[in-house]
Amino acid sequence: MTAQDHADPPAPAHRRRGRFGAALNELSGAQKSQAGVPLYTRYVNRRLGRYAAAWAYTVRLTPNQVTGLSALCSAAALALVVTVSPALWLALTATVLLVIGYALDSADGQLARLTGSGGPAGEWLDHVVDAARNPALHLALLISLYRFADLPDWVLLLPMLFLLTTMVRFFGQMLAEQLRRREPMPSPADAQTDQKGRSIIQLPSDPGVINLVFVFLAWPWVFVWVYAGLLGANMLLALASLVRRFREMRHLQAALHDATITRGVS
């Protein structure tokens, strides 16, 4: 959007509706690849993000402002979790805020593509917010369980383990991607997987699914067992991911070694 766009007076309601529809249509044909994306993110969150991006476009928000709104929604939800004793209204409110925050996390990138205003600064900000939001979620649960839940002490280990599992897996994936980008090589055969199957398998690690678990906060033991089940699934997924990434790095190492020998012979 140009500076002149920002200087224009607010459009009438019927024109805003027209802008919304046009933006929604354009966004529908400009989505990122769905390959391997977990089911909630693929079928629910990106759709919600598309509507949020179209709305943001009609009210002339920038992608960075949408990122800020996403962070505020998530922060408000977690602030409630750590300061208020769990009750049904709290569980519902926190869940809705987390769902909105995650939808806006998708909307900022879609809005950037729609307006052609994407760039390293916006991508950096988006990832920094995600890097804060993901551990903060489990830390907020840890504080809530410690302050308000009349549960055995071992329950406090669950969010600690979940946080550790999430961060190790995330770092392993990001580092592998950076190493492969630095030394591009063909992917090994065992790295090619059925993308539809991956979308189903990755469902327990989908941030949208983890957000929805907050709805059970009003019933502590129900929440604990659902959360523990997700933790177990995520630990298995993290182990499989780390093994796969290590094999990819071994393949990359061997390929680089062979390339070095070939260059030396030639």
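Annotations for the structure displayed:
- Single match in G101, G172 (criterion: touching a Lys or Arg at 6+ places or on another chain (Cβ under 8 Å) and at pLDDT 95 or above): G101
- Of the candidates A254, A240, A259, the single residue that is at pLDDT 80 or above, among the small types (G, A, S), over 21 Å from the mean Cα position of the chain (by Cα) and in a helix (DSSP H, G or I) is A254.
- Inter-residue pairs, beta-carbon under 8 Å, first surrounded by 15 or more Cβ atoms within 10 Å (Cβ to Cβ) and of a type in the set (K, R) and in segment 229-254, second part of a helix (DSSP H, G or I) and at pLDDT 90 or above, 6+ apart: R245/G172
- Looking only at segment 193-212, residues that are hydroxyl-bearing (S, T, Y), modelled with pLDDT under 90 and assigned to a helix (DSSP H, G or I) come to 1 in all.
- Qualifying positions in segment 80-137 - charged (D, E, K, R) and touching a residue at least 40 places away in the same chain (Cβ under 8 Å): D105, D108, R113, D126, R133
- Residues that are surrounded by 15 or more Cβ atoms within 10 Å (Cβ to Cβ) and either without any contact (Cβ under 8 Å) to a residue 24 or more places away in the chain or closer than 17 Å to L142 by Cβ (or both) within segment 216-227 comprise F216, L217, P220, F223, V224, V226, Y227, listed in sequence order.
- If the condition is being closer than 18 Å to V224 by Cβ, of a type in the set (D, E) and in contact (Cβ under 8 Å) with a residue 60 or more places away in the chain, then segment 138-187 contributes only D150.
- Residue in segment 50-64 that is part of a helix (DSSP H, G or I), of a type in the set (S, T, Y) and within 23 Å of F216 (Cα to Cα) present: no
- Among the conditions (1) touching a Pro at 6+ places or on another chain (Cβ under 9 Å); (2) buried (at least 22 other Cβ atoms within 10 Å of the Cβ); (3) basic (K, R), the only one that R50 does not satisfy is (1).
- Taken together, the residues in segment 89-120 that are part of a helix (DSSP H, G or I) and of a type in the set (G, A, S) amount to 8.
- Every listed requirement among (1) more than 21 Å from S205 (Cβ to Cβ); (2) buried (at least 17 other Cβ atoms within 10 Å of the Cβ) is met by A94 save one, (1).
- Any hit, segment 138-151, residues being acidic (D, E), modelled with pLDDT under 95 and either in a helix (DSSP H, G or I) or within 30 Å of D258 (Cα to Cα) (or both): no
The values are calculated or read from the model by the stated rules, or taken from the named source; none is laboratory data. Computed from a predicted structure; not experimentally measured. Here Cβ is always computed from backbone atoms with ideal geometry, including for glycine, and neighbour counts include all displayed protein chains.
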